[in-house]
Amino acid sequence: MTSIKLKTSLPGPKGLAALERRKNLLPAGLARSTDVVVERAEGALVWDVDGNQLLDFAGGIGMINVGHSNEKVVAAIKKQLDKYIHTCTLVTTIEPYLDLAELLNSVTPGDFPKKTLLACSGSEAVENAINVAKYYTKRNAVLCFEGAYHGRTLLTLSLTSKYALFKKGFGSFVPDIYRIPAPNMYRGIDGMTEEQYINYCIKKLDESFISQVDPDSLAAIIIEPVMGEGGFLSMPAAYLHKLRQVCDKHGIVFIADEIQCGAGRTGKMFACEHSGVIPDIVVTAKSIGAGMPISATTGRAEIMDAPHPGGVGGTYGGSPVACVAAIESIKILQLESFLKRVNEVGEIIRLTLEGWKEKYPLIGDVRGIGAMRLVEFVKDRNTKEPDADATLEIIRDAVAHGLIMIRAGLFSNCIRLLPPIVITDEQLAEGLQVLEDAIIRAQEKRKL
């Protein structure tokens, strides 16, 4: 039995009609990575409006780790809807907000008192983290990294890298933001060992505190322990420890953006746990809500308590419907059995991708951690020149054959694999075969 079952071409007649409506009703700037028009979704499967059954390897950009329409999450939402929808935490106290905050305070790294502020999006959570850090330190400067993605609000867009895709035309941006290169083990410096390259990156970090900003002026350093949009770049443990040391020495707030790499995706509840580095603030969103719009800023109590009463919050932050969904999602995400499955899925993908790298010159690198995996495509393995055209071609081919996918990487030349962890081995193998077939066709076209 195959999981992918196509009744029409993609998109089909109903899908084409919906896409035409989208074109006429929604802004052109709201792009999409596929032409799939969804009718329903469950587990790792998506059905479109024409009755086609597809496999999902994008997971809402890492939003559906526990699977589409998870039964426990759906049941919790329905139960809450029968009680009340929302009364606003700025007006009343909502117990699901307290329950979720208590849970997040307990599961995030660090054996110290913590507090949690809830919001609706990852951008809001990052912005809350930065604002709280500024208030606490009484400083304005923030250090971030090339390739990072932190959101689309004015402040978070200022932090985000990849100018042409995300920032072009939206300036001017927030001042006192400093950006330096992040370690990229695939695109390191020729002739250097990994250790030498990491030491070089640490040296350049120290130099940036002379050439760009005095560390005593920094309110926060924000980093994704594994970059998402930047191309699934795992930050070396030594580099994260260096950042932690700098923060400790100069009273800087260390913020870990775990929006995409957290929620169990890497085989641990939080990606920073792989290094042993404990942030002052952890930012979460995406899969903690299992599809519901919710995010969290969880940090040291003394930092989170810094703003004056009324200084933080929002109308919809901590919606009880979203909170109960997140509670059920996190209960699943932190289970040993779930994290074990993450590593099983990741190992299947890793072995498959490494086999592809041996066979297909179009693939420059395969990397990732846990079930957060990626393929990077290049025109030449020696020069490592990115091949964004081939990447887009492969995605379109794979989608046409029933596999939902999305790009990543600073050069848009990577395909990220973020299937729901509830995916079966059979579904995983089927999806990987669809992707491999698309790679083969792209390579044959280029006669590599």
query = Looking at the range 65-79, is at least one residue of a type in the set (A, V, I, L, M, F, W, C) and part of a strand (DSSP E or B)?
reply = no
note = Every listed condition ((1) at pLDDT below 95; (2) over 28 Å from MET269 (Cα atoms)) holds for SER161 save (2)
Leading residue by the ranking (farthest from the chain's Cα centre (by Cα)) among those in the range 37-87 that are surrounded by fewer than 17 Cβ atoms within 10 Å (Cβ to Cβ) and polar (S, T, N, Q) = THR87
query = Mind checking which residues of the range 195-215 are of a type in the set (S, T, N, Q) and within 16 Å of HIS250 (Cβ to Cβ)?
reply = SER208, GLN212
task = Among the residues of the range 355-392, count how many are among the acidic types (Asp, Glu), in contact (Cβ under 8 Å) with a residue 40 or more places away in the chain and more than 11 Å from GLY231 (Cβ to Cβ).
result = 0
remark   = Filtering the range 271-288 for residues that are of a type in the set (A, V, I, L, M) and part of a helix (DSSP H, G or I) leaves a count of 2
inquiry  = Which residue is surrounded by the most Cβ atoms within 10 Å (Cβ to Cβ), if the candidates are limited to the range 289-310 and must be in a loop (DSSP other than H, G, I, E, B) and hydrophobic (A, V, I, L, M, F, W, C)?
reply    = ALA290
The range 260-298, residues that are touching a strand residue (DSSP E or B) at 6+ places or on another chain (Cβ under 6 Å) and among the polar types (S, T, N, Q) = THR266, THR284, SER295, THR297, THR298
message = I'm checking my understanding of the structure. Among residues of the range 351-385 that are more than 18 Å from PRO419 (Cβ to Cβ) and among the aromatic types (Phe, Trp, Tyr), which one is surrounded by the most Cβ atoms within 10 Å (Cβ to Cβ)?
response = PHE377
remark   = In the range 88-108, anything crowded, with 19+ Cβ neighbours inside 10 Å and not in a helix (DSSP H, G or I) is listed as THR89, ILE94, THR108
Tally, over the range 271-291, of residues that are over 12 Å from the mean Cα position of the chain (by Cα) and closer than 21 Å to PHE145 by Cα = 11
request  = Would you check which residues across the range 386-419 are crowded, with 20+ Cβ neighbours inside 10 Å and hydroxyl-bearing (Ser, Thr, Tyr) and list them?
outcome  = THR391
request  = Looking at (1) in contact with a strand residue (DSSP E or B) (Cβ under 9 Å, 6 or more places away or on another chain); (2) of a type in the set (A, V, I, L, M); (3) farther than 30 Å from CYS272 by Cβ, find the lone condition where ALA119 falls short.
outcome  = (3)
key: Within the range 263-278, considering residues that are touching a Lys or Arg at 6+ places or on another chain (Cβ under 8 Å) and crowded, with 24+ Cβ neighbours inside 10 Å, the one farthest from TYR163 (Cα to Cα)   = ALA263
inquiry  = I want to confirm something. Restricting to the range 420-432 and keeping residues that are part of a loop (DSSP other than H, G, I, E, B) and surrounded by fewer than 24 Cβ atoms within 10 Å (Cβ to Cβ), which single residue is nearest to the chain's Cα centre (by Cα)?
reply    = VAL422
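The values are calculated or read from the model by the stated rules, or taken from the named source; none is laboratory data. Predicted, not measured: the structure shown is a model, and the values here were computed from it. Cβ sites come from the backbone with ideal geometry, for glycine too, and all protein chains shown count toward neighbours.
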